[in-house]
Amino acid sequence: MKIGIIGAGHIGGALTRRLTALGHTVLVANSRGPETLRDLAAETGATAVTPRQAVTGVDVIVVTIPEKNIPDLPHDLFTNVPRAVPVIDTGNYYPQQRDGRIAAIEAGGLDESWRQQPGTPVYAADLDAAGVRRALSAARSERTAQWKAR
């Protein structure tokens with residue numbers, strides 16, 4: 001497969017290493033430019049590119065950047081991406097630890113998405129399908145102090 005990855009931090013770097021090791025063609029981008037990815041590209045055989053290049057002609061796209069940086073992506077980034085190309089977003093909202101308060105997420109359009117956010121019973125849990133259903137139903141909308149926006 002040809003895979004475009006936007007983000008080269010912990011997750012993006014790990015995915016680049018693993019997917020190239022499995023023989024996939026990986027295009028990896030970050031916010032600082034392809035020249036800053038020379039070491040990762042040399043280590044893995046991935047191609048360092050811009051975000052626009054990472055979404056062009058690929059079979060799947062992985063976006064793995066902090067939630068606070070999503071608005072910094074070009075607004076038309078996915079305009080020419082065919083609808084059949086899956087886009088995987090590994091992002092999690094960390095209002096206190098990294099992202100700050102993002103009003104659109106706090107009002108939110110996905111009325112029940114809070115059930116799977118950090119601090120809920122399902123988050124980062126190794127559960128089967130029945131366990132996920134139980135954990136989602138056990139979630140409470142009030143965030144613990146550790147996961148509240150300041």
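The values are calculated or read from the model by the stated rules, or taken from the named source; none is laboratory data. Just so you know, these numbers come straight off a predicted model, no measurement behind them. Every residue, glycine as well, gets a Cβ built from its backbone with ideal geometry; the counts of neighbours run over all protein chains shown. Heavy atoms of the whole protein, side chains included, go into the accessibility calculation; ligands, DNA and RNA do not. Shrake-Rupley method; radii C 1.70, N 1.55, O 1.52, S 1.80 Å.
Can you list the helices (runs of 4 or more DSSP H) lying wholly within segment 1-110 that have 2 or more residues being modelled with pLDDT of 95 or more and open to solvent by less than 50 Å² (accessible area, probe 1.4 Å)? Break it down into steps so the answer makes sense when it comes.
Numbers: elements: 10-21, 38-44, 51-54, 103-107.
Result: 10-21, 38-44, 51-54.
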Criterion violated by Gly12 - all others in (1) in contact with a strand residue (DSSP E or B) (Cβ under 9 Å, 6 or more places away or on another chain); (2) farther than 16 Å from Asp89 by Cβ satisfied: (2)
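Is it fair to say Leu27 is over 26 Å from Gln97 (Cα atoms) and touching a helix residue (DSSP H, G or I) at 6+ places or on another chain (Cβ under 6 Å)? Let's see the steps before the verdict.
Details: over 26 Å from Gln97 (Cα atoms): yes; touching a helix residue (DSSP H, G or I) at 6+ places or on another chain (Cβ under 6 Å): yes.
Taking the combined requirement at face value, the residue satisfies it.
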Out of (1) assigned to a helix (DSSP H, G or I); (2) at pLDDT 90 or above; (3) open to solvent by 60 Å² or more (accessible area, probe 1.4 Å); (4) not charged (D, E, K, R), the one Gly131 does not meet is (3)
If you check Trp147, Trp114, which single one turns out to be touching a Gly at 6+ places or on another chain (Cβ under 6 Å) and of a type in the set (Phe, Trp, Tyr)? Trp147
Somewhere in segment 91-98, is a residue out of contact with any Lys or Arg (no Cβ under 8 Å at 6 or more places or on another chain), of a type in the set (Phe, Trp, Tyr) and under 23 Å from Gly33 (Cβ atoms)? no
